Amino acid sequence: MDLFPHFYLSYNELSPEQKSCFSYCAVFPKDHEIVVEELIRLWIAQGYVRPRRRGECLELVGLEYFNNLAMRSFFQEIRKGTYSGHEFMKCKMHDIVHDFARFLTKNECHVLDGIGGNLLSERARHLTILEGTEETFSSSAFDLGRLRSLFAFSRGRVPQDLFRGLNCVRTLTLSHCQLREVPTKVGSLVHLRHLDLSWNPFETLPEAICDLYYLETLDISYCRKLSCLPKRIEGLVHLKHLFNHNTYELLQMQQGLGKLTSLCSLTSFIASNNSVDLAILKDLKQLERLYVDIHGKGDFGSAELGKKIYLREMLLRFSDEAHSEGTPSWIQTMEPPPNLQQLALVTYPGTQLPSWLVTETLISSLTKLFIVEPRNISSLPTLWKLSSLEELRLEYVEELEYLGKEFFGITLSKFESSSSTEAVAFPNLRKLHFLKFPNWTNWEDLSEEDEKVVVSIMPCLEELEIEACDELKGLPHRILGKMSSLKSLKVQHCNKLRDRYSNKTGDDWLKISSRIPRIHISQY
């Protein structure tokens, strides 16, 4: 206690569950960047997160634990990260805090950073390997039978017989370990809850993995040679998270996947056989996060997405086979999830965005929209109707040359028949990002007549980012003047805009600098 007096004061105020969650962080190397949602899943796998009432979501309870620990400064550098539009929190532990966690768990958590002089105590429950070889894992000095966690951060090869000794393990992380084959012995790890095999070169998973009755998280992302899922995958009855994105050789889903009714996360669902594949999703009513790769024409109606009340995040990626159909009419069969908050459309094939995008369901629920590389879109006239939208990212819209006022819902007929309240476009948008518009030359501004009618545009917008739009000649100054809350303008890799605004002396610079507090115009 004399070594860490201040930390003990905060630590002693924690509940027993929160104490366990904090001390468990000793398994990470110093200065390790921790993904918060993954950390919470690890806590759950160890049984540290306890519901206070029946049916309570453990992930939400775990998030409360994390926020309480962060409030007491046990974590630092808390910031947001994104992947494919998915937003997550990252953090680190200060070295002194990490030392405190190691001190609390000196007999239970062991970190192996070399070959010599590393012996596990009889109380060892969690092992982290930072450096080592195949011989390190096989050393007779280790009794792996009592371990509840094994993390390999060494990026070294692991022996095939490693799985034989891990009788009590609940968490097994073997990412980047050059596994060319997953031994069938993995099926005997009956207590396993969390299995991370990501970034490994194996081509198949053994059917024995389906014997892991209690498995909740399976991470096989970036296993680029994996060609199929196990045929008996329905045996993973408690599986909640299947992270299988960037498995490029995986081209078909097993029918048994549709029986995993506890599934909350599915980061790559391959729809290659029209409605037959999409029908696998029908009974997965607990889904919260779903990424779908669409090959060819499909019947979205068979997936019954409109009945998935927990689905908050969805990505739809269309392959070249989908583009060859030539019409997006089959896309219209989708009924959007009623509580969807985040949507990404990647390589969308149609000439117009799907009509369901601006139905009442999404108008009132969608907060983030990412449209990436639409192949045939040349105008964006309806997005302004998404009144709940807070972030809009438009990326690589190759066909768009002219962004008209209709992007903001500004048409004469609209204002002839609408009240001033209804005339507000994007009322909750806070961030707008245009990235890689190679042919965009003109952004239409308001006319004097428009200014008399338009009350405001994007009244909550705080950040406007324009990147890699080399042909864009100027900014719409009257429109920017209506964005009363705009605090930041970032222009990067836009040669014509840079030449027009970056000298900070001409009239054009004054038109934006007098209204926007923070302006960054890249010289590159």
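What follows draws every value from the coordinates through simple rules; no lab data is involved. In this text, all values refer to a predicted model and were calculated from it rather than measured experimentally. Every residue, glycine among them, receives a Cβ derived from its backbone with ideal geometry; neighbour counts consider all protein chains shown.
So here's what we get for this one:
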| read-out | value |
| --- | --- |
| For peptides 70-76, 17-23, sequence by mean Cβ density within 10 Å, most packed first | 17-23, 70-76 |
| Among (i) 2.29; (ii) 1.02; (iii) 1.11, the entry that matches Cα Rg over 2.2 N^0.38 Å as calculated here | (iii) |
| Label point distance in nm, D283-H493, each placed 7 Å from Cα along Cα→Cβ | 4.7 |
| Over the stretch 378-524, relative contact order from alpha-carbon pairs under 8 Å, at least 6 apart, % | 20 |
| Extension gain (nm, one decimal) between S73 and S227, 0.36 nm per residue minus Cα-Cα | 51.0 nm |
| Environment charge of K80, counting only residues whose C-beta is closer than 10 Å and scoring Lys/Arg +1, Asp/Glu -1 | +1 |
| The stretch 215-363: relative contact order as a whole-number percent, Cα under 8 Å and 6+ apart | 16 |
| For the stretch 171-218, the spread of Cα positions along each principal axis, largest first, Å | 25, 18, 12 |
| Computed [θ] at 222 nm, helices only, for the chain once each DSSP H run of length n ≥ 4 contributes -39500 (n - 2.57) | -5000 deg cm²/dmol |
| Cα-centre dipole for the chain with unit charges at Cβ (Lys and Arg positive, Asp and Glu negative), debye to 20 | 1220 |
| Residues F370, F437, F103 arranged by fewest to most Cβ contacts within 10 Å | F103, F370, F437 |
| FRET efficiency, E401 to E448 (Cβ-Cβ, R0 35 Å, nearest 0.05) | 0.90 |
| Alpha carbon centroid spacing (whole Å) that separates the stretch 65-99 from the stretch 175-189 | 30 |
| Euclidean distance between Cα centres, the stretch 197-241 to the stretch 278-305, Å | 20 |
| Percent RCO, i.e. relative contact order, over the chain, from Cα pairs under 8 Å lying at least 6 residues apart | 5 |
